[in-house]
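Take a look at the structure set out below.
The values are calculated or read from the model by the stated rules, or taken from the named source; none is laboratory data. Predicted, not measured: the structure shown is a model, and the values here were computed from it. Here Cβ is always computed from backbone atoms with ideal geometry, including for glycine, and neighbour counts include all displayed protein chains. Note: areas computed on protein heavy atoms with side chains; ligands, DNA, RNA excluded. Shrake-Rupley method; radii C 1.70, N 1.55, O 1.52, S 1.80 Å.
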Amino acid sequence: MATVDTAPAEPPAPPTQPQPDPAAPPAGRPHAVAIPEQRQSATLIGSVQRAMRLLETVAGHEHGAPAKQLARETGLALPTAYHLLRTLVHEGYLRREKGLFFLGEAAERLGSSGAKQKRRSTLAGALAHCRDSLGVPVYYAMYREGEIEVMCVSDSPGNPAVEEWADFRETGHAHAIGQCLLSQLDEEERRDHLDRYPVRSLTPYTVRDDGALLRRLERIRRMEPVTERQEYALGTVCAAIPITVGTTAATIAISLPSHQADRLLPAVRQLQAEAGRHLGSIAISISI
C-alpha cells in the first residue's frame with residue numbers, strides 16, 4: 001500500500017471567526033497538513049501490518065508452508081518472521097505441524113457467522129476508549145473496493161460527531177479521513193477514485209482541483225497524520241492517522257470545533273499512542 005513523502009503546506013488561516021453563511025455546510029471534518037512523525041506508534045502499527053502479511057500468506061498455502069518460505073514471500077527478516085509466527089501460534093491464529101504453518105482455530109473462528117458482530121463490538125469498544133481518553137469524537141474508516149467506508153463513529157452528547165452533510169464517499173478530497181485513505185493508495189488507484197469523485201469546492205478552504213490534491217497527497221509521509229481545517233465544513237478541524245491492515249487502507253480520525261484548533265495536534269499525538277496500545281487486535285480481526 002503506497003504512502004508518500006514530505007508535509008503539505010498549512011492551508012490559509014481562516015479570518016477571525018467569520019459569521020457562517022446560512023447556506024454554508026454545518027461544522028465538518030478532515031486537510032492535509034503534516035505533523036512530525038510519531039515513530040513509536042508507527043512501530044506498533046507496523047508490527048500489526050507484518051503479522052497480517054504473514055497471516056495472509058499462510059492462508060494462501062492450503063498445505064502449509066515453512067517459516068523460511070513465509071519470511072521470503074512476505075519480505076520479512078527470518079528472525080522477525082519466527083517471532084511473529086510464534087506469537088500467532090500462541091494466540092491461536094496459526095498452528096504448526098511438522099515444521100509447516102497453517103491457519104489456526106482463532107483465525108477460523110473469525111470467519112464464522114458471529115465473528116463480524118464480535119469484531120464490530122470490539123472496534124466500538126476501542127473507539128469509545130479513545131473517545132473518553134481524548135474527549136473528542138473518534139472515527140474508523142477503510143478504503144474497500146474503491147470506496148471510502150466509515151465503519152464506526154464514537155461520540156457523545158458533549159462532543160458530537162460531524163454531521164455528514166455531503167456524501168462522505170464522494171468528498172474524500174475535502175476531509176482528513178478521505179485524504180488519509182487516498183494517501184495510502186498508489187497513483188493509479190488515486191486517479192481512478194478522482195475520475196469517479198472529482199474535486200469540488202465545499203468551503204472556501206477546500207483544495208481547488210485534482211492536480212493540487214494529488215500534489216498534496218504525494219507530500220504526505222509514510223505513517224504521518226493528516227489534518228484538515230474547515231475544508232469539509234466550516235467550523236471544524238480534523239485529523240486522521242493511517243493504518244494499513246494487510247492490503248487494506250484504513251484510518252482513525254478525530255474532529256474538533258475550530259475554536260479548539262489548538263487542541264488538534266496534541267489530541268492526534270495522543271490518538272496515535274492510544275491506537276498503538278488498543279487497536280492491534282482490531283486490525284487483525286477486521287482484515288480476516
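What percent does the relative contact order of the stretch 212-254 come to when contacts are Cα pairs within less than 8 Å and at least six residues apart?
In percent, rounded to a whole number, it is 27.
Leaving out ligands, DNA and RNA, and with a 1.4 Å probe, what % of the accessible surface on the stretch 39-189 is carbon or sulfur? Can you show the working numbers first?
Details: 3700 of 7780 Å².
Carbon plus sulfur share of accessible area: 48 percent.
Please work out the FRET efficiency for the pair Arg72 and Glu145, using the Cβ-Cβ distance as r and a Förster radius of 35 Å; give the result to the nearest 0.05.
Between Arg72 and Glu145 the formula returns 0.75.
Give the shape of the stretch 107-205 as rounded, prolate or oblate, defined through the alpha-carbon gyration tensor: a ≥ b ≥ c are the square roots of its eigenvalues, a/c under 1.5 means rounded, and otherwise the shape is prolate if a/b is larger than b/c and oblate if not.
Working: a/c = 2.58, a/b = 1.27, b/c = 2.04.
Since a/c reaches 1.5 but b/c is at least a/b, the shape of the stretch 107-205 is classed as oblate.
Quick check: from the Cα gyration tensor, does the stretch 161-208 come out rounded (a/c under 1.5), prolate or oblate?
Cα axes put the stretch 161-208 in the prolate bin.
With unit charges on the beta carbon (Lys/Arg positive, Asp/Glu negative), name the residue among Ile148, Cys130, Leu194 whose Cα is farthest towards the positive pole of the charge dipole of the stretch 112-205.
Cys130
May I ask you to list the trypsin sites (Lys or Arg not before Pro) in the stretch 207-265 that are in a DSSP loop and have at most 15 other Cβ atoms within 10 Å of their Cβ?
Those satisfying the criteria are Arg208.
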